[in-house]
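One structure below.
The values are calculated or read from the model by the stated rules, or taken from the named source; none is laboratory data. Worth saying up front: this structure is predicted, and the values here are computed from it rather than measured. Cβ atoms come from the backbone with ideal geometry, glycine included; neighbour counts cover every protein chain shown. For the accessible areas, the whole protein counts, side chains as well, though only heavy atoms, and no ligand, DNA or RNA atoms are used. Shrake-Rupley method; radii C 1.70, N 1.55, O 1.52, S 1.80 Å.
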2 protein chains.
Amino acid sequence: MDDLQPPGRLVTLTDVARAAGVGESTVSRVLRNHGSYSKRAGERVAEAVARLGYVPNRLAGSLAGQGASARLVGVVIPSLANVVFPDLLRGLTAALDAEGVPCVIGVSDYDPDREEALVAALLSWRPAALLLTGLEHNPGTVVLARAGGVRVVEMIDTDGEGIDAVVGFSNRAVGAASARHLVGRGYRRIAYLGHDLGVDLRAGKRLAGFEAALAEAGLALHGHEIRPGPSSPASGRAGLEALLARHPDLDAVYFSNDDMALGGYFACLAAGLAVPGRLALFGFNGLDFAAAMPQPLSTVRTPRLEIGRQAAACLMGDGPKKIDLGFTLIEGATA
Amino acid sequence: MDDLQPPGRLVTLTDVARAAGVGESTVSRVLRNHGSYSKRAGERVAEAVARLGYVPNRLAGSLAGQGASARLVGVVIPSLANVVFPDLLRGLTAALDAEGVPCVIGVSDYDPDREEALVAALLSWRPAALLLTGLEHNPGTVVLARAGGVRVVEMIDTDGEGIDAVVGFSNRAVGAASARHLVGRGYRRIAYLGHDLGVDLRAGKRLAGFEAALAEAGLALHGHEIRPGPSSPASGRAGLEALLARHPDLDAVYFSNDDMALGGYFACLAAGLAVPGRLALFGFNGLDFAAAMPQPLSTVRTPRLEIGRQAAACLMGDGPKKIDLGFTLIEGATA
DNA sequence: TCGCCTTTTGGCAGCGCTGCCAATCCAGTT
DNA sequence: AACTGGATTGGCAGCGCTGCCAAAAGGCGA
């Protein structure tokens, strides 16, 4: 594939300098608009850049520059299959693109070892900052991140201690608020329906908060179904059918997220179960479709874009170490 | 933020060489497992690397290496809000992470000028390859991409000429197949409900293919609703309500994608319209939820992950210049 | 033990850029 | 015209690494 472009050397700053009849430093100053230079020099450089089609080499620039760190941000997320993470990236890139800082991303597939490998790989690009998801990491990941000499921001989860800065919300609190809502509405035989907790630690924290709040009300989970694999409407639908077969007397279900809840809603529609009359449904995330349902889904809206934005802001300025952006309980009409 | 890490210099390859009592070149050879070195040298280097916590500096490595191009891939996508693009990234990162090549991403927000700026920014990192979305770009973008001396792959759309390699499917053909399906089922008063076509050119191509196939059958669109803004279930629901108010006699609706179709389905549920008895619905994309609906959505499944994977493969080897991965029409039960 | 060939090794230039410094220029003063 | 201070400029070292090359170290049969 490399023999396709034998154009020899790409245009360098030295070429521009020669073409513009000025020194290299002048070109550098003009291009970065840093230091002082005459109007004339600016024009000649601009002209030469345009004529030669010069594209700066940031590898060289970053290497030579102060601190030798690149204007890049390394991001490790567990998955791209769950809307939450693209939303996070969306907030992030919106804020970073404005600064002209691109993200280098790695997807860990919820595997801590892959995460560690990705952190090492990303650090080798000497990013200006590193963004991780959640607070649970391999010890090696933490050592690497600390030794990397970069700002580290952990996103989404605030239930625990971070390496450096943390931006997110409390998943435990979300679970507790959800439980209190259901209990307050009079539901008593409440089941949990989720996807694999072994990998999604934050779903586990929500469940823990949920059960704790249930316990405060003198209740316990009335049924429990954990589906292998990632969350999806299909999994939610199959899961609810399984759950109802085992516990026909359920009156409410707390889902690990809205995707699962949508599947549950579909199951109810298909089975002709009145929602919430016969069965109440409660989700998590507050995705777009939740509000468009015939009966808006009862759920908790999480500030996903805002987490991304604040995380980006956190990289730039020196904000507080822990930012809890909270969440919003959406009453909806399904619970 | 930078005064937080005054740890002085990070560990360099020279430090490792000194600590291991070997030359720099030997360390380099060991680390890249390139060239020959003794077992003893390998062990001493490995020990020193572990002891010092050395993380290579790829900025320097790439700068010094052959062709001075980085083991990075630049990706420009129009949005992260539409599942399609995260899915694309998913296929991509799955294939690239295996090779240890991270993606540097930029989000253009469907703006050709932003796309051009992002291409320039990404090229300045001297990526090994550049991945763009769609075939329509600013002339400047094309010039840049060509001059960058990198392999360029355009994803998703095969209806037109690419800069270098193209991986995707024909949106026109998707539209035509969808129309033929609806016509074959006996629907005659068919409307189109979509989001902003000005930005989503591929949706426009589908619609063009759809109308062309309709014309072949002697039909024309019976109603037409374009919603401003991005696609979403909420937009689909509101759109269908508006459409039905204007054309109460519709018997089928072709949606710009499944998200819009889901909103349409919700609108039918809410209004008590039988699907497909009273109104048939047809989507596009074949998202997860489509199969979990009480009546599986009639739609077209696109090979999003596979496009990402093939695009990655395309960067490595020298595959064909144009790969059409086709699509699958899913009959479903809504049309 | 010696010569010959292969494996292993270290030195060093240089990738393209930035930061520092000293040189130059220029306008305003004296 | 000489002088002064700030604005502008170019030269050059060096960022951390790789590729090249020549030197050193082994291996082995004679």
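Normalised by the number of residues in the stretch A:171-303, the mean separation of alpha-carbon contacts (under 8 Å, six or more apart) gives a relative contact order of 25 percent. Remark: the stretch B:100-230 projects, on average over all directions, an area of 9.4 nm² (convex hull of Cα atoms). Each principal axis of the stretch B:64-132 carries a Cα extent, and these read 38, 28, 10 Å when sorted largest first.
Rg over Rh for chain A works out to 1.13, both radii taken from alpha-carbon positions and Rh defined as the Kirkwood radius.
Expressed as a rounded percentage, what relative contact order does the stretch A:56-209 have, with Cα pairs under 8 Å and six or more residues apart? Could you put the intermediate results ahead of the total?
Details: 224 pairs, mean separation 27.8, N = 154.
After rounding, I find 18 percent.
The distance separating the Cα centre of the stretch A:235-250 from that of the stretch A:147-200 comes to 24 Å. Sorted from longest to shortest, the spans of the Cα atoms of the stretch B:2-56 along the three principal axes equal 41, 17, 15 Å.
Sorted by accessible area (1.4 Å probe), largest first, how do A:Ile307, A:Ile226 line up? Working shown, then result.
Values: A:Ile307 0, A:Ile226 65 Å².
Greatest to least solvent exposure: A:Ile226, A:Ile307.
Can you give the Kirkwood hydrodynamic radius of the stretch A:255-335 from its Cα pairs, in Å with one decimal? Spell out each step's value before the answer.
Working: mean 1/r = 0.0717 Å⁻¹.
Across the stretch A:255-335, the inverse of the average 1/r is 14.0 Å.
Counting only other residues whose beta carbon sits under 12 Å from that of A:Ala238, what net charge do I get with K and R as +1, D and E as -1? The partial results should precede the final answer.
Numbers: positive: A:Arg227, A:Arg237; negative: A:Glu225, A:Glu241.
Net local charge, A:Ala238 excluded: 0.
Equivalent-ellipsoid semi-axes for the stretch A:97-173 (Cα gyration tensor, √(5λ), whole Å, largest first): 19, 16, 12.
Shielding value for A:143-149 is 4, the average number of Cβ atoms from other chains within 10 Å of each residue's Cβ.
Taking Cα centre as origin and charging only the Cβ of basic (Lys, Arg, +1) and acidic (Asp, Glu, -1) residues, the dipole magnitude of the stretch A:250-332 rounds to 120 debye. Tally Lys/Arg at +1 and Asp/Glu at -1 over every other residue whose Cβ is under 12 Å from the Cβ of B:Leu197; what's the total? Neighbourhood net charge equals +1. Both numbers refer to the Cα atoms of the stretch B:192-259; Rg and Dmax are 11.8, 33 Å. Simple spin-label estimate for A:Asp109 and A:Asn138 gives 1.4 nm between the two label positions (7 Å along the Cα-to-Cβ direction from each Cα). Its DSSP H runs of at least 4 residues, each contributing -39,500 (n - 2.57), put the calculated 222 nm mean residue ellipticity of the protein assembly as shown at -14000 deg cm²/dmol, to the nearest 500. Considering all different alpha carbon pairs of the stretch A:171-303, the Kirkwood hydrodynamic radius works out to 14.2 Å. Positive contributions from Lys and Arg (+1) and negative ones from Asp and Glu (-1), summed over other residues with Cβ under 11 Å from the Cβ of A:Ala48, come out at 0. Compute log10 of I(q)/I(0) for the protein assembly as shown with the Debye formula, placing one identical point scatterer on every Cα and leaving out solvent, at q = 0.09 Å⁻¹, to two decimals. Those come out to -0.84, one per q. With all protein chains in place and ligands, DNA and RNA left out, the 1.4 Å accessible area ranks B:Glu136, B:Glu225 as B:Glu136, B:Glu225, largest first. For the stretch B:36-133, the residue among B:Leu80, B:Gln66, B:Leu118 whose Cα projects farthest onto the positive side of the dipole built from Cβ charges is B:Gln66.
Using the Cα coordinates of the stretch B:1-136, the gyration tensor eigenvalues translate into equivalent-ellipsoid semi-axes of 37, 17, 14 Å, sorted from longest to shortest.
List the relative contact order of the stretch B:241-291 as a percent without decimals, with contacts defined as Cα pairs under 8 Å and 6+ residues apart.
Values: 45 pairs, mean separation 23.4, N = 51.
Relative contact order for the stretch B:241-291 comes out at 46 percent.
In loop segments of the stretch A:241-311 as defined by DSSP, the trypsin sites (Lys or Arg not before Pro) with at most 13 further C-beta atoms inside 10 Å of their C-beta are A:Arg278.
With label points built 7 Å along Cα→Cβ from the Cα atoms of A:Arg51 and A:Ser25, find their separation and express it in nm. Output for this residue pair reads 2.4 nm.
Ligands, DNA and RNA excluded, the heavy atoms of B:Lys322 present near 100 Å² of accessible surface to a 1.4 Å solvent probe. Toward the positive end of the charge dipole of chain B, with +1 on the Cβ of Lys and Arg and -1 on the Cβ of Asp and Glu, the farthest Cα among B:Ser108, B:Phe169, B:Gly184 is that of B:Phe169.
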